[in-house]
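The next block holds one structure in the form of structure tokens; read it before the comments.
The values are calculated or read from the model by the stated rules, or taken from the named source; none is laboratory data. Not measured: the values here are computed from a predicted model. For neighbour counting, all protein chains shown are included, and Cβ atoms are generated from backbone atoms with ideal geometry for every residue, glycine included. All accessible areas refer to the heavy atoms of the entire protein, side chains included, with ligands and DNA or RNA removed. Shrake-Rupley method; radii C 1.70, N 1.55, O 1.52, S 1.80 Å.
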Amino acid sequence: MRILCAVDGSEHSQWGVQALEALAGREPEHVVLLHIVDQPALQAATNKNPVAAKRALAALEKAGSIMLRDAARAARLALGQAATRPRTKLQTILTHGPIAHTISRTARRLKADLILMGSRGLHDIHGFLLGSVSRQVAATAPCPLLVVKQPLTTLLRVAIAVDDSRPSRAATRFLRTRILQESATVTILTSVESPVTDFAARYLSESQLAELKGPVMERATRLVSTLRDEFIKDNLSVVTQVHMDHVIDTIVKHVEASHDQLLVIGSRDLTKSERLYLGSVSESLLRHAPCSVLIVRGARA
């Protein structure tokens, strides 16, 4: 697996590098550590003063080189290859540009299988209005994205939220074949919306409600049972949960109650208007989930 790990020297960025330890069991063949100098922002901060901008750029590039050197050392430790012959090719890149766009562009150029990055995990009104780099990357990434919101050195408790869609099936396949080790316990979780509104439910009998809701729950149960069998074939420990409730609330409450370390979700590609106005379930879960989030999308999933 080829992993692109974005670093900026912050504590959250260090969590991203440390998360390589959780993936070390699969021995990624290539890890690229990427640091980006946001040159457009730098020019704006220096009031387009070319002399000041040039000096600031040189200082940031020097600091970035030192940061990448330290990150490479930390990556070797995380991969368990610091004192042995390296089995993973480790590369560092220092480049310029808008941060989120450059991360996605670099991932596409390198044909990365996974983007790995830390995040402050903004979930309040500031995160909604301003966006975060991780949310911007999630909207444009050409491959799966792992956003690390807290230290993540093992993957023992993982939840995957599924529905009957192609991106969801891709997410389960990517999790099974690229991420998990046999020590993990996986919860396959699905939540379906009720076919009956709260208003209509007041006027229907219990038998009528059961007749309407039953087929929906049966389809959801068959879905998670099929996916469970695939995990069992790979000798993975798995449990299933089926709910009929608000999708996002149900998933977030489950993760909070179970203290899961990672939430996995599939995501389809969004149009520009959807990114701007509607968002998606995956974007909402990235914003609200208390744990790290793996969003699986793109042709390499």
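What translational diffusion coefficient, to the nearest whole µm²/s, does the chain have by Stokes-Einstein, given a Kirkwood radius computed over alpha-carbon pairs, a temperature of 25 °C and 0.890 mPa s viscosity? If you can, show how the numbers build up before the last one.
Values: Rh = 20.6 Å.
The estimated diffusion coefficient comes to 119 µm²/s.
Using θ = phi - 60° and the Karplus curve 6.51 cos²θ - 1.76 cosθ + 1.60, what whole-Hz ³J(HN,Hα) does each residue of segment 102-110 get, with Gly and Pro shown as x?
My calculation for segment 102-110 gives 5, 4, 5, 5, 5, 4, 5, 5, 7 Hz in order.
Straight-line reach from residue 149: which aspartates and glutamates have Cα under 13 Å away, leaving out those fewer than 8 places along the same chain?
By straight Cα distance, residue 149 reaches 11, 260.
Over the alpha carbons of segment 154-300, what is the largest minus smallest coordinate on each principal axis, giving the biggest first in Å?
Principal-axis extents of the Cα atoms in segment 154-300, largest first: 49, 39, 28 Å.
Helix-only mean residue ellipticity at 222 nm, the chain, DSSP H runs n ≥ 4 weighted -39,500 (n - 2.57), per residue, nearest 500. What is it?
Numbers: 12 runs with 136 residues, N = 301.
-14000 deg cm²/dmol, from helical runs alone.
By how many degrees, between 0 and 90 and to the nearest 10, does the Cα long axis of helix 247-258 differ from the longest principal axis of the chain?
That helix lies at roughly 80 degrees to the long axis.
Pairs of alpha-carbon atoms within less than 8 angstrom and 6+ residues apart define the contacts here; what relative contact order does the chain have, in percent?
22 percent
How much accessible surface area, in Å² rounded to 10, belongs to the heavy atoms of residue 3 with a 1.4 Å probe?
My reading of the accessible area for residue 3 is about 0 Å².
Give me the 1.4 Å probe accessible area per residue for segment 1-153, excluding ligands and nucleic acids, in Å². Kindly include the intermediate steps, with their values, before the conclusion.
Values: 7610 Å² over 153 residues.
Computed with neighbouring chains in place, this is 50 Å² per residue.
Select from 171, 10, 294 the residue farthest towards the positive end of the dipole of the chain; place +1 on Cβ of Lys and Arg, -1 on Cβ of Asp and Glu, and compute about the Cα centre.
It is 10.
Within the chain, which is the longest segment that contains none of the GluC sites (Glu not before Pro) sitting in a DSSP loop with at most 16 other Cβ atoms within 10 Å? Present the calculation step by step, with values, prior to reporting the outcome.
Details: sites that count: 29, 182, 193.
Value returned for the longest uninterrupted segment is 30-181.
Working with all protein chains in place, sort 35, 288 by solvent-accessible area computed with a 1.4 Å probe, largest first. It would help to have the intermediate numbers written out before the result.
Working: 35 20, 288 80 Å².
The ranking, largest first, comes out as 288, 35.
How much of the accessible area of the chain, probe 1.4 Å, is carbon plus sulfur, in whole percent? Show your work: numbers first, answer last.
On the way: 8160 of 15540 Å².
In the chain, the share of accessible area belonging to carbon and sulfur is 53 percent.
What share of the DSSP beta bridges in the chain is antiparallel, in percent to the nearest 5? Walk me through the intermediate numbers first.
Details: 3 of 45 bridges.
Looking only at bridges with both residues in the chain, the antiparallel portion is about 5 percent.
Using only the alpha carbons, work out the radius of gyration and Dmax of segment 1-153 in angstrom.
So, for segment 1-153, Rg and Dmax equal 15.7, 49 Å respectively.
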